[in-house]
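Here the structure comes first, spelled out in structure tokens, and everything after it is commentary.
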Amino acid sequence: MKYTILPHTDLKVSEICLGTMTFGNQNTEAEAHFQLDYAVERGINFIDTAEMYPIGGNEHIFGSTERYIGTWLAKNKHKREELVVATKIAGPNRGMSYIRQPLDFSKKSLHEAVELSLKNLQTDYIDLYQMHWPERVMNMFGKRGISDIDHQWQDNILEVLTTFDGLIKEGKIRHIGVSNENPWGVMKFLNEAEKHNLPRIATIQNPYSLLNRLFEVGLSEICMRENVGLLAYSPLGFGFLTGKHLNGIVPESRLGLFPHFTRYTNENCFKVTKMYQDLAHSLGLTLTELSIAFVHHQKFVTSTIIGATSLDQLEENINAFDVRLTDAVLDEINTIQEKIPNPAP
């Protein structure tokens, strides 16, 4: 396992991060613990979760992902200092009335969310605390562009950073990050932090895969110049880049169970995934190996978040990080990208 340092922190993290959003719905508590045990055995020390997980959540299973991680941490207290645990506060505009109302990043909401996550995780501190998506309405989750701004949102980024500063000084969180953000948001957070000597975002957690390379448009340059690390999520496009859906959506898969996640199931995704699969097979690789290796290859990626519902899947995903792609293969990938660019924004 290779490790790196989260930008502007002293946190040493594995280049593979264990995503956990299946814990509590697709995975039982015992299965979650097996995954955590196996990941740590393989050298992974970076665990990512969120208050809203598991995926496909509702009021009955809300928070169970954090709770399953918490019961595992309680059994492995001697390992806590070796681990980097990240979680996220849910933002507004997602109809999750069972979480907290209003869903915002006010001082009250931030404190309530942090306290609940600390309780669920059975830990005294959170290493990386992230805003799951912005408060303002913007282009994300399947939307390519924006033609107007959210006039209802009032800029409160200074207030948010001030609140985070207090939580850091209390020792409840160590560092902060954003997620599903755009270039304007990243620069706004960086500028406000520098201007007022407040906590600086260390990371951005955004989608990045063969099906969605929009991070390269604007955000990659900002992150490389300003030293903000990308935590790349969905490197397999919600499982689409395993190739198992090319003959139709597998009913028991994530895409089958949650059909409202449509960004990976349009016609162009099917077309280009078959092209990437053909390339992978010509190289003696699986599509999974090609897809993960491509993300891992990028200079602006600090850690790649992988998730699985079985230990076999988890093992395959971890092993894929040993694959190295030549410049010639990367050129072939770029040729395919030019034909059908970013079909899953």
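The values are calculated or read from the model by the stated rules, or taken from the named source; none is laboratory data. These numbers were taken from a predicted model, which means no experiment stands behind them. For neighbour counting, all protein chains shown are included, and Cβ atoms are generated from backbone atoms with ideal geometry for every residue, glycine included. Ligands, DNA and RNA are stripped out before the accessible areas are found, and what is left, the full protein with its side chains, is counted by its heavy atoms. Shrake-Rupley method; radii C 1.70, N 1.55, O 1.52, S 1.80 Å.
Numbers at a glance
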item: Residues located in region 243-287, provided they are in contact with a helix residue (DSSP H, G or I) (Cβ under 8 Å, 6 or more places away or on another chain), modelled with pLDDT under 95 and part of a helix (DSSP H, G or I); result: L255, C269
item: Residue check, F238 within 30 Å of T286 (Cβ to Cβ) and outside any helix (DSSP H, G or I); result: yes
item: Enumeration of residues in region 78-98 that are open to solvent by 10 Å² or more (accessible area, probe 1.4 Å) and within 15 Å of W133 (Cα to Cα); result: P92, N93, R94, G95, M96
item: Within region 92-113, tally of residues that are at pLDDT 95 or above, in contact with a helix residue (DSSP H, G or I) (Cβ under 7 Å, 6 or more places away or on another chain) and more than 16 Å from V178 (Cβ to Cβ); result: 1
item: Counted residues, region 145-193 - those being without any contact (Cβ under 8 Å) to a residue 40 or more places away in the chain, of a type in the set (D, E) and closer than 25 Å to K12 by Cβ; result: 2
item: So L314, is it under 17 Å from A39 (Cβ atoms), assigned to a helix (DSSP H, G or I) and among the hydrophobic types (A, V, I, L, M, F, W, C); result: yes
item: Hits in region 102-121 (condition: in a helix (DSSP H, G or I) and closer than 20 Å to I61 by Cα); result: E112, A113, V114, E115, L116, S117, L118, K119, N120, L121
item: Residue tally, condition open to solvent by 10 Å² or more (accessible area, probe 1.4 Å) and over 18 Å from the mean Cα position of the chain (by Cα), over region 106-137; result: 16
item: Helices (runs of 4 or more DSSP H) contained in region 140-234 and holding at least 1 residues among the small types (G, A, S), open to solvent by less than 20 Å² (accessible area, probe 1.4 Å) and closer than 23 Å to K107 by Cβ; result: 183-196
item: Count - residues of region 300-316 that are open to solvent by 10 Å² or more (accessible area, probe 1.4 Å) and touching a helix residue (DSSP H, G or I) at 6+ places or on another chain (Cβ under 7 Å); result: 4
item: Verdict on G63 being under 25 Å from I204 (Cβ atoms), at pLDDT below 95 and of a type in the set (G, A, S); result: no
